[in-house]
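Asks: Below you will find the structure I want to go over with you.
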Amino acid sequence: MPAIKVLCIVYIELIRGVPLISLLFMSSIIFPLFLPEGVTIDKIIRAQVAIILFTAAYVAEVVRGGLQGTNKGQYEAAASLGLNYYLSMRLIILPQALKIVIPPTVSILISAFKDTSLVVIIALYDILKTSQTVLSNPKWMGFSTEVYIFIAVLYFAGCFSMSNFSRKLEEELDTEKQFNEK
């Protein structure tokens, strides 16, 4: 399917070549200019779509690397079993490739989690902006250190839990370790 292949290459290279901030600006300012009169899409949804498209391009590139990193003998083994392209990908190639790409995929997802704070640039409130708003209230001015430590702990907990889950998933899927134990 050469047409789909070209579209995917153009999409991935175009998105990876543009910073997330510019995609957020485009979703916030430029995109509404192309909508018909009277049609509006919520700013939060536009920001979510921009972040999703950005992250998807990076994940697609990581999965492509995993597919290329899979031993060519696996493709030949699938062909020798008489499996067609879709069955060989689903049953043999993709499980191995996806096991290879767990660490870089989690790294991209952690980065995307932290990049969500960039939505403040397009006038959307995130946890940091909400904290700044709360701290502008005279009743809360003395608690700025505690608030920022709390936010740091939230980000750390999110990133650490994703990283920990990744490590456990890698251990569960470690077929060499399971084979050596038997």
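The values are calculated or read from the model by the stated rules, or taken from the named source; none is laboratory data. Just so it is clear, the structure is predicted and the values come from calculations on it, not from any experiment. No Cβ is skipped: glycine too gets one built from the backbone with ideal geometry, and neighbour counts run over all protein chains shown.
Asks: May I ask you to say which residue of Ser161, Ser144 is under 30 Å from Ile100 (Cα atoms) and not β-branched (Val, Ile, Thr)?
Replies: Ser161
Asks: Name every residue in region 27-48 that is under 13 Å from Ile122 (Cβ atoms), surrounded by 10 or more Cβ atoms within 10 Å (Cβ to Cβ) and not small (Gly, Ala, Ser), in order of residue number.
Replies: Ile29, Ile30, Phe31, Pro32, Lys43, Ile44, Ile45, Arg46, Gln48
Asks: Moving on to the next point. How many of the residues making up region 132-149 are surrounded by 13 or more Cβ atoms within 10 Å (Cβ to Cβ) and closer than 19 Å to Ala47 by Cβ?
Replies: 1
Asks: Which ranges mark the helices (runs of 4 or more DSSP H) fully within region 91-161 that have 2 or more residues being under 25 Å from Asp174 (Cβ atoms)?
Replies: Correct list: 94-100, 102-115.
Asks: Which residue out of Val101, Val106 is in the same structural domain as Asp42 (by TED's automatic domain parsing), more than 23 Å from Ile44 (Cβ to Cβ) and in contact (Cβ under 8 Å) with a residue 60 or more places away in the chain?
Replies: Result: Val106 is the single residue among Val101, Val106 that is in the same structural domain as Asp42 (by TED's automatic domain parsing), more than 23 Å from Ile44 (Cβ to Cβ) and in contact (Cβ under 8 Å) with a residue 60 or more places away in the chain.
Asks: Against the definition (surrounded by 14 or more Cβ atoms within 10 Å (Cβ to Cβ), farther than 28 Å from Ala57 by Cβ and aliphatic (A, V, I, L, M)), how does Val106 come out, yes or no?
Replies: no
Asks: Quick check, is Ile93 surrounded by 15 or more Cβ atoms within 10 Å (Cβ to Cβ), at pLDDT 90 or above and within 15 Å of the chain's Cα centre (by Cα)?
Replies: In short, no.
Asks: What tally of residues in region 15-43 results from selecting those that are of a type in the set (A, V, I, L, M, F, W, C) and closer than 30 Å to Ile102 by Cβ?
Replies: 6
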